[in-house]
Amino acid sequence: MGTGILIDAIRTAIGPTAAAYALLAVGLNMHFGYTGLLNFGQVGFMLVGAYGVAITVATFGGPLWLGVIVGVLGAVVLALILGIPTLRLRADYLAITTIAAAEILRFLTRNSGSEPVTGGVFGLRQFSGDFYALNPYPPGSYLGVLGLSQNRMWQMTVGWGLVFLFTLLLWALMRSPWGRIIRSIREDEDAARSLGKNVFFYKMQSLVLGGVIGAIGGAVFALTLQTVQPDTFLPQVTFFAFAILILGGTATTIGPIVGAVTFWFIIAGLQSTLRRSSDAGLLPDFFGSQAVGATTLTFVGLLLMLLMIFRPQGLFGDKREMQLDVK
Amino acid sequence: MSSDAPAPTGPLADVAPEPGVAKPDPILVIDGVKRSFGGITAVNVDHLEIQRGMITGLIGPNGAGKTTLFNLMTGFDTPDQGSWSFNDRSMSGVPSYKAARLGMVRTFQLTKALSRMTVLENMQLGAVGQSGEHFLAALIPPLWRKQEEEITRRADELLARFKMDHMRDDHAGTLSGGQRKLLEMARALMVEPELVMLDEPMAGVNPALTQSLLGHVKGLRDDEGRTVVFVEHDMDVVFDISDWVVCMAEGAIIAEGPPSVIGSNPAVVEAYLGATHGQAPERRKKRAGGEPA
Ligand SMILES: Nc1ncnc2c1ncn2[C@@H]1O[C@H](COP(=O)(O)OP(=O)(O)OP(=O)(O)O)[C@@H](O)[C@H]1O
Ligand SMILES: [Mg+2]
């Protein structure tokens, strides 16, 4: 049973869903980690990326590349709509606006009136044909004991490839004078202004960039599941992405990657343990198969609390930096 | 220069010591600027001119409106009415970052050190017109590396001048209050402003260092031709380095003139003695120290 659990956990930890979440967290790292922007609606950008592909391909019969572009442009527009009224105000305004916007987007997509375009509550499918047609992996079983399919390999290659690409992009940006301005805004906006920096413009760039990365995470998510449904884009997705970011280490280069892999390893490991134990009759009904999801989340919550108490800087954060008071 | 001598010389020698008096070559001209917070009129300046290339001391009891005036001039706050111009350019509605780029840079009474950035990074940030500040150029280091080296050299020079070079790579959040004041002043100079507005730059700085800081401030005027306006509660400091002193009380300019006459101005004496927290503008041995909230 032990190895079975381990294999389940590793499969998920390196899987495409973890990659999609890593992308959400990379985007949040840009917003929250480096710029100090409180975006509590990252799932909204994810939704836009996912539906951008799904609607373009499934509803309008467009090609995949166009769908990705639509998703990215949608994220840019969403960032502008969210940012223009709020980025001049205090940080909490953006937080409230983003969380509301993400929920509004979800309701709009599941609304029966938008069914002809979004598929309503049933969502959309059959938009990922182009994606799998590009798969260079021949049929077979991959990575030995993990036994991954050719499609899974292709999803992982694209997903993690994008994660590394955007991680590299942020790394390059953050060590440039551009990144220096971004970090100064996180520390004290007025100081940045007093030195002639157009704070609003840089916050906007950050919001757009992180949002676009989140949208690409959404596209990866949709192409992996090969279906989109409005109710996968619940507010808790954003909070998982935040948990991943904080777990790995906020404002660190590889924090989102480490966080995503660790987070999904723990979730899948716990789920597998609970399911297998309950199947073997080792658990009281209270933890039974019905409650696996809830029990897992409880454990994750507990783990996060312990992390905050004993390692608030995350796995890769800098403890000294953490202890400096801001402002 | 003859700044140590109390008797005015140079371009301000013939200027009458009256509130709102015209100066021969003003860099900053303020007209009818008013700002109230609820019932309090924080600033109510009829007319004020700041002479170019001089050090102007701005004094006044706590709550006189000095910081608010700085905020208004530099775009960090908006007046209810009035206008002001910098280098003959109207500054109404100009956002704070543009005011800084135009050459008017201020420091804050409550320091704003960028805690989780190093002292050097704080300094580097101050340089304007960096090509690596553009999104795409940022991704191509060869486009900005040379400029970055030049900025770093300038930053190191300034840090050495402010005796902070040994802290170059420390996080600014680890600095003491006085060190933060120094860093903020040095950082403002990285912008290479024409007009430097310092809000209590000496508060909390130890007396030995104050002397050398005063030297730097004079150097800004004498060697670099910059204009300085500074707020200070320590009258020794004010009389020591100012070419001209402006006194505010309850938002208005109640007196201005060369340091030699301002101390005995009855309006100034009354403002200080009448105010509950004021310090009489006579030379005192005790330093003002600390940072009023
Ligand atoms: N943001 C604000 N909201 C409300 N009142 C304010 C605000 N800023 C300043 N004031 C009020 O305006 C008046 C002037 O304040 P200001 O900070 O300009 O004084 P100051 O001359 O700089 O004093 P100090 O020497 O103590 O620094 C004070 O009465 C203060 O209470
Ligand atoms: Mg003040």
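The values are calculated or read from the model by the stated rules, or taken from the named source; none is laboratory data. Only a predicted model underlies this, so the values are computations on that prediction, with no experimental measurement involved. Neighbour counts are summed over all protein chains in view; Cβ atoms, including those assigned to glycine, are modelled from backbone coordinates with ideal geometry.
Before we move on, is B:MET202 surrounded by 22 or more Cβ atoms within 10 Å (Cβ to Cβ) and not basic (Lys, Arg)? Judged against the criteria, B:MET202 is a match. Within segment A:185-198, being under 17 Å from B:ARG101 (Cα atoms) and within 7 Å of chain B (Cβ to nearest Cβ) holds for A:ASP190, A:ALA191, A:ARG193, A:SER194, A:LEU195, A:GLY196, A:LYS197, A:ASN198. Can you run down the residue pairs with Cβ atoms below 6 Å, 6 or more apart or on separate chains, where the first is in segment B:231-243 and more than 14 Å from every other protein chain (Cβ to nearest Cβ) and the partner is within 16 Å of ligand 1 (Cβ to nearest atom) and in a helix (DSSP H, G or I)? Every condition considered, the pairs that remain are B:VAL231/B:LYS66; B:GLU232/B:VAL238. Of the residues making up segment B:49-66, those that are surrounded by fewer than 23 Cβ atoms within 10 Å (Cβ to Cβ) and either within 9 Å of ligand 2 (Cβ to nearest atom) or within 14 Å of chain A (Cβ to nearest Cβ) (or both) are B:ASN62, B:GLY63.
Taking segment A:308-327, which residues are modelled with pLDDT under 85 and assigned to a helix (DSSP H, G or I)? Of everything in segment A:308-327, those that are modelled with pLDDT under 85 and assigned to a helix (DSSP H, G or I) turn out to be A:MET308, A:LYS319, A:ARG320, A:GLU321, A:MET322, A:GLN323.
Being away from ligand 2 (no atom under 16 Å from the Cβ) and under 17 Å from the mean Cα position of the chain (by Cα) holds for only one residue in B:LEU198, B:LEU214, B:LEU209, and it is B:LEU214.
Among the residues of segment B:25-43, those that are within 16 Å of ligand 2 (Cβ to nearest atom) and in contact with a helix residue (DSSP H, G or I) (Cβ under 7 Å, 6 or more places away or on another chain) comprise B:ARG35, B:ALA42, B:VAL43. Checked against the criterion of being within 14 Å of another protein chain (Cβ to nearest Cβ) and either part of a helix (DSSP H, G or I) or under 30 Å from B:GLY75 (Cα atoms) (or both), segment A:145-164 contains not a single residue that satisfies it. The listed residues are A:VAL70, A:VAL77, and the only one of them that is within 18 Å of A:PHE221 (Cβ to Cβ) and of a type in the set (Val, Ile, Thr) turns out to be A:VAL70.
Looking only at segment A:185-201, filter to residues that are touching a residue at least 40 places away in the same chain (Cβ under 8 Å) and closer than 12 Å to A:GLY36 by Cα; which one of those is nearest to the chain's Cα centre (by Cα)? Selected residue: A:ARG186.
The residue that is farthest from the other protein chains (Cβ to nearest Cβ), among those in segment B:92-144 that are touching a residue at least 60 places away in the same chain (Cβ under 8 Å) and β-branched (Val, Ile, Thr), is B:VAL119.
Among the conditions (1) in contact with a Lys or Arg (Cβ under 9 Å, 6 or more places away or on another chain); (2) modelled with pLDDT of 85 or more; (3) under 26 Å from A:GLY36 (Cα atoms), A:ALA268 misses just one, which is (3). Checked against the criterion of being among the β-branched types (Val, Ile, Thr) and touching a Ser or Thr at 6+ places or on another chain (Cβ under 9 Å), segment A:88-97 contains one or more residues that satisfy it. May I ask you to say which residue of A:ILE99, A:ILE10 is in contact with a Gly (Cβ under 7 Å, 6 or more places away or on another chain), surrounded by fewer than 24 Cβ atoms within 10 Å (Cβ to Cβ), in a helix (DSSP H, G or I) and of a type outside the set (Lys, Arg)? Answer to the check: A:ILE99. Within the option set B:ASP77, B:ASP165, being surrounded by 14 or more Cβ atoms within 10 Å (Cβ to Cβ) and free of Cβ contacts under 8 Å to residues at least 24 places away in the same chain holds for one residue only, B:ASP165.
In summary, B:ARG35 fulfils each of the numbered conditions (1) surrounded by fewer than 22 Cβ atoms within 10 Å (Cβ to Cβ); (2) within 12 Å of ligand 1 (Cβ to nearest atom); (3) of a type in the set (D, E, K, R) with the single exception of condition (1). Listed by position, the helices (runs of 4 or more DSSP H) enclosed by segment B:48-140 that each have at least 2 residues that are at negative phi and within 13 Å of ligand 1 (Cβ to nearest atom) are B:66-73. Quick check, is B:LEU110 within 16 Å of ligand 2 (Cβ to nearest atom) and at pLDDT below 95? So B:LEU110 passes the test. I'm checking my understanding of the structure. Among residues of segment B:150-206 that are within 13 Å of chain A (Cβ to nearest Cβ) and within 16 Å of ligand 1 (Cβ to nearest atom), which one is nearest to B:THR68 (Cα to Cα)? Filtering segment B:150-206 for residues that are within 13 Å of chain A (Cβ to nearest Cβ) and within 16 Å of ligand 1 (Cβ to nearest atom), the one nearest to B:THR68 (Cα to Cα) comes out as B:ASP199. Among the residues making up segment A:165-184, those that are without any contact (Cβ under 8 Å) to a residue 60 or more places away in the chain and either more than 13 Å from chain B (Cβ to nearest Cβ) or over 17 Å from B:SER115 (Cβ atoms) (or both) are A:LEU165, A:LEU168, A:LEU169, A:ALA172, A:LEU173, A:ARG175, A:SER176, A:PRO177, A:TRP178. When B:PRO141 is tested against the conditions (1) under 28 Å from B:THR74 (Cα atoms); (2) in contact with an Asp or Glu (Cβ under 9 Å, 6 or more places away or on another chain), the lone failure is (1). Annotation note: of A:THR59, A:THR86, the sole residue that is more than 23 Å from A:LEU165 (Cβ to Cβ) and in contact with a Leu (Cβ under 6 Å, 6 or more places away or on another chain) is A:THR86. The set of residues from segment B:67-91 being within 16 Å of ligand 2 (Cβ to nearest atom) and touching a helix residue (DSSP H, G or I) at 6+ places or on another chain (Cβ under 6 Å) comprises B:THR74, B:PHE76, B:ASP77.
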